[in-house]
Amino acid sequence: MLRLPPFEYLPARTVADAVKYVADRGADAMLVAGGTDLYPNMKRRQFEPKALIGLRGIRELRGVRGDARTGVTIGAMTVLSDLADHPTLLDHYAGVATAAGLVSSPQLRRMGTIGGNVCVDTRCNYYNQTYSWRKAIGFCMKKDGDTCLVAPGSPRCWAVSSSDTAPALWSLGARVRLVGPAGERTIRFSTLYRDDGIDYLAKQPDEILTDILLPPADGWRSAYLKLRRRGSFDFPVLGVAVAARMDGDVVREARIVLGAVASTPREADRAAAALVGERVTPEVITRVADLAAGPSKPLDNTDFTHPYRKKVTRVFVARALRKIAGLPESGASTAEIG
Amino acid sequence: MKTRLSLCVNGETHDVLVPVHKTLLEVLREDLDLTGTKHGCELGECGTCTVLVDGVPVLSCLALPAELEGTEIVTVEGMARGGELHPLQQAFAELGAAQCGYCTPGVLLTAQALLAETPVPTREQIREALAGNLCRCTGYTKILDAVELAALRTSAAGAAGGRS
């Protein structure tokens, strides 16, 4: 039986409590939100913290506030199922609601939080395995070893960013509020991540992600598509978030963010720039989708082959653009991605 | 280090002295002898350990009892009333919706939560609600049939003023 390793449990009731626990315990402690990713990882001994700081009791971190006109603030402990069903998100920030509703299975969406999904550990076929499996094949550099088993000559870890919500939030220009002993700061999603499988968060270790801030909807439309083997489960092996601010049928601003193709969500900025000032015609869609596949450079360390994941990038960007433009879907049905 | 916890399971309060890192699944099975809750993957992937916490389906292999004091936990042992099976259990038995039976407790509780929110769900709503419960016998058709039958019976009984 896979059991959790022993730890001390420190339940926080306020953000100030949690900040103090983190400052007191330093690297010995980890934060736990919904636990849906951390506990499996602890059972496989990817993490063995001496103490866990529980965020579940912090009421101020739950819920969605604001509206489309002024912008929306999402508490980090809001569970994913509440976002998937939220009327304001569905109407004005559709990519975020879709991404939240495509995370894992119904039970895990009711346990897992948006803050946890944004900070979710990077994944790799050589890492997300039991201790005995990893020991048998030789430990990788992300835990207990010193080589990367997917790219043995590489000095860095290539584990994959596996958040569904991060690309969607990034595409809509969202920011995160981080609170630490020195006070609080608000940063863009584009500066929250690093392209490194081990050190993938630019947040300081003593900072706690408390809120996600979405700007006013202001004509932005968005969509998120996800590739995975099992439609009712699984982390993304490709996520495509597209957002565009429309003025009539002309695109005024756009962002395209790819998930699960690198250790960080990756912005396809040349593709997005090619949309600006254009009507979303079939010709524009083809050109933008081709450009968006450029920054998609998956490695052979998740489900499906990496050439296939790169190829699907183009297909999904085109489908997301058609969705935003209100054009009829073409090709395979969306059921395969749902 | 052990901690003293008070857990409300199936309407009864249990005081337990357990290591804080024991999951709800382990405490239910090993400390409270409620072995109706099954352990499958133990990593949150299969749904067989599903219990209800305040009416919401939760994977007990990923839940810490220390976070669940003050909540109401329901396991499959809490579904029947005395000798009378829950309508879902009755429908599962009649239609042969349990093959090996290992996923059944988790499926029953997930379905109970669905019917509490949506008394007469569509087939698609049932499929969506049960999407996190794997049946290793792949006997999904009869499971869906049984949930539909139980929903029809309870809504008809409710309309007639009977037990719902």
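On the stretch given as segment A:216-260, residues that are more than 19 Å from A:SER296 (Cα to Cα), among the aliphatic types (A, V, I, L, M) and modelled with pLDDT of 95 or more total 4. For segment A:10-30, indicate whether the set of residues that are farther than 21 Å from B:VAL18 by Cα, touching a residue at least 40 places away in the same chain (Cβ under 8 Å), surrounded by fewer than 18 Cβ atoms within 10 Å (Cβ to Cβ) and within 14 Å of chain B (Cβ to nearest Cβ) is non-empty. Scanning segment A:10-30, I find at least one residue that is farther than 21 Å from B:VAL18 by Cα, touching a residue at least 40 places away in the same chain (Cβ under 8 Å), surrounded by fewer than 18 Cβ atoms within 10 Å (Cβ to Cβ) and within 14 Å of chain B (Cβ to nearest Cβ), so the answer is yes.
If you go through segment A:182-200 and keep only what is in contact (Cβ under 8 Å) with a residue 12 or more places away in the chain and of a type in the set (Ser, Thr, Tyr), you end up with A:THR186, A:SER190, A:TYR193, A:TYR200.
Mind checking which residues of segment A:198-247 are buried (at least 21 other Cβ atoms within 10 Å of the Cβ), closer than 27 Å to A:ARG314 by Cα and among the polar types (S, T, N, Q)? Passing the criteria: only A:SER222.
Only residues that are within 15 Å of A:ILE208 (Cα to Cα) and either among the β-branched types (Val, Ile, Thr) or assigned to a loop (DSSP other than H, G, I, E, B) (or both) were counted in segment A:12-44, giving 9. Filtered by the rule that a residue be under 20 Å from A:THR88 (Cα atoms) and of a type in the set (D, E, K, R), segment A:220-249 gives A:ARG221, A:ARG245. Residues of segment B:99-143 that are basic (Lys, Arg) and farther than 22 Å from B:ARG29 by Cα: B:ARG123, B:ARG127, B:LYS142. Considering only residues that are exposed (fewer than 15 other Cβ atoms within 10 Å of the Cβ) and closer than 19 Å to B:ASP33 by Cα, look in segment B:55-80 and name the one that is farthest from the chain's Cα centre (by Cα). Once the filter is applied, the top-ranked residue is B:GLU69.
Could you figure out which of (1) surrounded by fewer than 19 Cβ atoms within 10 Å (Cβ to Cβ); (2) closer than 30 Å to A:THR130 by Cα isn't true of B:GLU26? Result: B:GLU26 passes all but (1).
Counting only helices (runs of 4 or more DSSP H) that sit completely within segment B:37-140, those holding 2 or more residues that are without any contact (Cβ under 8 Å) to a residue 12 or more places away in the chain and within 12 Å of chain A (Cβ to nearest Cβ) correspond to B:123-129. Once segment A:83-131 is narrowed to residues that are within 14 Å of another protein chain (Cβ to nearest Cβ) and of a type in the set (Gly, Ala, Ser), the residue that is nearest to A:ARG266 (Cα to Cα) is A:GLY116. Considering each residue of segment B:130-143, count those that are within 16 Å of the chain's Cα centre (by Cα) and surrounded by fewer than 18 Cβ atoms within 10 Å (Cβ to Cβ), and give that number. Adding up the residues that qualify gives 0. Just to be sure, is B:ALA160 surrounded by fewer than 22 Cβ atoms within 10 Å (Cβ to Cβ) and in contact with a Phe, Trp or Tyr (Cβ under 9 Å, 6 or more places away or on another chain)? So B:ALA160 does not fit the description; no. Is it the case, given these coordinates, that A:ASP218 is at positive phi, more than 23 Å from the chain's Cα centre (by Cα) and outside the structural domain of A:PRO106 (by TED's automatic domain parsing)? No; evaluated as a whole, the condition is false for this residue.
Scanning segment A:80-93 for residues that are farther than 20 Å from A:TRP220 by Cβ and crowded, with 22+ Cβ neighbours inside 10 Å gives a single hit, A:LEU80. From the list A:PRO49, A:PRO5, which one is loosely packed, with under 14 Cβ neighbours inside 10 Å and not in a helix (DSSP H, G or I)? Exactly one residue qualifies, and that residue is A:PRO5. The residue list B:LEU108, B:LEU34, B:LEU85, B:LEU52 contains one member that is of a type outside the set (Asp, Glu), surrounded by fewer than 18 Cβ atoms within 10 Å (Cβ to Cβ) and over 26 Å from A:ALA51 (Cα atoms), which is B:LEU85. Only a single criterion out of (1) touching a Leu at 6+ places or on another chain (Cβ under 8 Å); (2) in a loop (DSSP other than H, G, I, E, B) is not satisfied by A:GLU184, namely (2).
The values are calculated or read from the model by the stated rules, or taken from the named source; none is laboratory data. Nothing here was measured: the structure is a model prediction, and the numbers come from that model. A quick note on method: Cβ atoms are made from the backbone with ideal geometry, for glycine too, and the neighbour counts reach across all protein chains shown.
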